Amino acid sequence: MAAALMHSIRRHIATTAIKQQGTAATAGEHSGGYKLWKRLTIFVAMPAVGLCMLNAYLKHQEHAHHPRPAFVKYEYLGIRNKRFPWGEGNKSLFHNPKVNALPDGYET
């Protein structure tokens, strides 16, 4: 009894899949959708990315000419309990002498 029931369920699933496969294989009226997305990418997305890059570059140029702020030594900043394992041990791994101050102040 169970074998006959399983056989009929498998047969039903197989025939349903074959019927649906015939309708899903054709593109129908949506066959040119890739052209729309290709054009949107080329004419909208790429210029938008270019404008964002230009905006970021211009904003960076505005701020590049400002002098750095005066160093104020706060007791809770620049605490070194242990030396860094590279270099002299006082500078972080990505230390930038123009921007990052050491515990005693900026480098000259």
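Please treat every number below as a calculation from the coordinates, not as lab data. Note that the structure is a prediction, hence the values are computed from the model and not measured. Counting neighbours? That spans all protein chains shown, and the Cβs are built from the backbone with ideal geometry, glycine included.
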query = In degrees, nearest 10, range 0 to 90: what is the angle between the Cα axis of helix 2-24 and the longest Cα principal axis of the chain?
reply = 70
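What is the calculated FRET efficiency for Y34 to A56, with r their C-beta to C-beta distance and R₀ = 35 Å, to the nearest 0.05?
Values: r = 31 Å, r/R0 = 0.89.
Computed FRET efficiency for Y34 and A56: 0.65.
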task = Taking only Cα atoms and a 10 Å spring cutoff, compute GNM fluctuations for the chain and point out the largest among L58, L40, L77.
result = L77
ask   = Using mean Cβ contacts within 10 Å as the protection proxy, how do 92-100, 61-69 order, highest first?
value = 92-100, 61-69
inquiry  = I'd like the distance between the alpha-carbon centres of region 29-50 and region 61-108, rounded to an integer number of Å.
reply    = 47
query = Once amide H atoms are built 1.01 Å from N in the peptide plane, which residues 5 or more positions from L102, or in another chain, come under 5 Å H to H?
reply = E107
request  = Describe numerically, in nm with one decimal, the distance between label points set 7 Å from Cα along Cα→Cβ at H95 and at A2.
outcome  = 7.4
inquiry  = Output the 0 to 90 degree angle, nearest 10, between the alpha-carbon long axis of helix 46-63 and the longest principal axis computed from the alpha carbons of the chain.
reply    = 10
